[in-house]
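Only the coordinates and a few stated rules stand behind these numbers; no lab work does. Given the structure is predicted, the values throughout are model-derived calculations rather than measurements. Positions of Cβ are generated from backbone atoms using ideal geometry, with glycine treated the same way; all protein chains shown enter the neighbour counts.
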Amino acid sequence: MSDTVPVVEQPFAGAEEIYRTVVENTSDGIVLVQDGRIVFANRRVGEILGVPAEALQGRDFIGFIAPGDRTELLDKHTRLLSGDDPGRVHEIGYLREGERTGSALMSVTPVEWAGRPAIVAIFTDYTARKAAEDALAASEEKFRSLVTDMPVGVFETTSDGRVLLWNRRCEELSGYSFSHMQTIRMEEIYNDPAEREDFVRTMRERGVVRDYEITIRNAHDRLRTVLVSAHIGEREGENVIRGSFEDVTERKQLEEQLRQSQKMEAVGRLAGGVAHDFNNLLTVIIGNVQMAVMDPELSTKLRNRFDSIRKAGDQARLLTDQLLAFSRKQMIQPRIVNINELIRESENLLTQALGEDVILDMHLSAEECHVRFDAGQFGQVLMNLAVNARDAMPNGGSITIATSLVSLDEYYAASHPDFRVGEYVQIYLSDTGHGMDDQTRQLIFEPFFTTKGEGGTGLGLSTVYGILRQNGGDISVVSEPGAGSTFTLYIPRVSDPTEVVDDEAESEFLKGTERVLLVEDDNLVRRLAEEILHRAGYTVTSFESAPEAVAWGRENLNAIDLLITDVVMPEQSGKDVADVLTGLNPALRVLYMSGYTDEAISHHGVLEEGVSFINKPFTPRSLTEIVREVIEAD
């Protein structure tokens, strides 16, 4: 044996009383093992192993060790007794009556007993502690798993921006891995580093924040809006910021679209109401001017004056048309048309409007781009966009118009709530103008917003927006200062264009002798319409009140060939009047007139099948022509 091996006096019974007392009453178990058998065990060993201490003498020591630990323990003890030192403290599982019941730390020391090698083992039972450590480890693992897999980003940083925790959701939202975040500071992913300074300052002042909005730039160089909730904590004596963040970019976009939609709807209602009343006035102005110029005795001087009034009225009518288009209250009669043909037909007009210093370049799809659209409105859209592009190029430039067919999927529809998945005709209009900054680009479709100063009405692009939305389409714009602008239009494609479209030949100014019931609550408009119809040879009975007209009509059904009625009236709508009288006489012809569309005779501004309608302001010619058309219809 080595000289370092201590010697235990024998017999043990001859040891001093104080030594026996210490050994017997210590909180650790002490056992002397020689040749694999227990020579001595104190009381605590008996308590741990569940066998009285005196009954342990002579028992096989290894039998009390859990089977999984026996081989390793025997090997270590063999090496220990041979002078090798594999380490003298072991963690073992021990048995009570043949079952594993706990864990212990065992410190072993080689000794010499009765002239032969032996081992003194000291047991420290830490079953409860081991259970607590295992429970803690399981809890920590569960917590780590919970934090890692949470649907929101969870992070921990030092106040100077060093990242200590960055869960999987953080990695997904930012595109940066935890290992990458440990090489940079948090402020580096902020779109504006000053935002980080404001955030840290707020944390220091308040200690906690809820739903603090910041903008980050992710690994794909895209801006994302996130809401951060965090508090000040402590780690190893250092203040840290612990919190979570949620990506609300798409939600913010949808909220902004909703606010924009509500704002446009409110302004649209106002614009539609103004246009309706103004159209009544224009009907009287334009109609009376045209009636006046029919007088053959009118002097040339007065005729010229009336002509100036008529031109001003026509310009005012275009303005109300823009208001109605913007508010989506313009009555439209869409037909199946080929967008490419409409663009080609507009080429000469566009070239003249753009001027010699602007080059018009067109790249139209070889495929048939059929849509259901009001041809006149599409011309209005194209002209508005082209004129705006020209104004953005005061020194000349070029405009490119291109068409193609595209399929819009669920991803696009998810960010455009009013859109449906399907086939669309896509129309690009790009210019080489001065472009727009972000602030301008966000406002261009708002009514009355203009960058042209006193020279602009602010209705051009809002009109375009209104027309496209009324026809189930959409528009977007990409622009940067100095890089021009590209407007992209989407219109639902018609895949089976079987509808035949013929241009209506301009009919002659025709007269008639039929009997007409006229219902119009505006006195000036009613008197004008009555005079026009009288001059055309019709017998006219007119009423300001819808109930009065219905009462008279009930009594005189056989004296009415045509009902002409305003759509919107105070007590009953024109549709109500028509329903009552056509219910009594199904053969009665009906012509509606209005300054804007009404749901009573249309669906989102589109005429129901079989409904005849004339827009205000109308002229004597347009009124008499459609009256003839309705009366003679099959």
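At a glance:
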read-out	value
Distance between modelled label sites at Val421 and Glu256, nm, 7 Å Cα→Cβ extension	2.6
Separation in nanometres of the label points that stand 7 Å from Cα toward Cβ, at Ser229 and Ser299	8.3
Net charge dipole size for region 159-264 [Lys, Arg +1 and Asp, Glu -1 on Cβ; Debye, nearest 20]	220
Extension gain from Asp361 to Asn25, taking 0.36 nm per residue of separation minus the Cα-Cα distance	110.6 nm
Computed over region 515-632, Kirkwood Rh from alpha-carbon pairs, angstrom	14.1
For region 172-213, the Rg and Dmax computed from alpha carbons only, in angstrom	11.9, 31
Farthest positive-ward along region 515-632 dipole, Cα basis, beta-carbon charges - from Val611, Leu524, Val568	Leu524
Local electrostatic count, Trp552, Cβ distance below 13 Å [Lys/Arg +1, Asp/Glu -1]	-1
Dipole-positive endmost among Ser476, Ala375, Ser407 within region 335-492 (Cβ charges, Cα centre)	Ala375
Estimated FRET transfer efficiency when R0 is 30 angstrom, pair Arg210-Ile184 (beta carbons, to 0.05)	0.70
Cβ-based net charge around Val248, under 13 Å, with every Lys or Arg adding one and every Asp or Glu removing one	-4
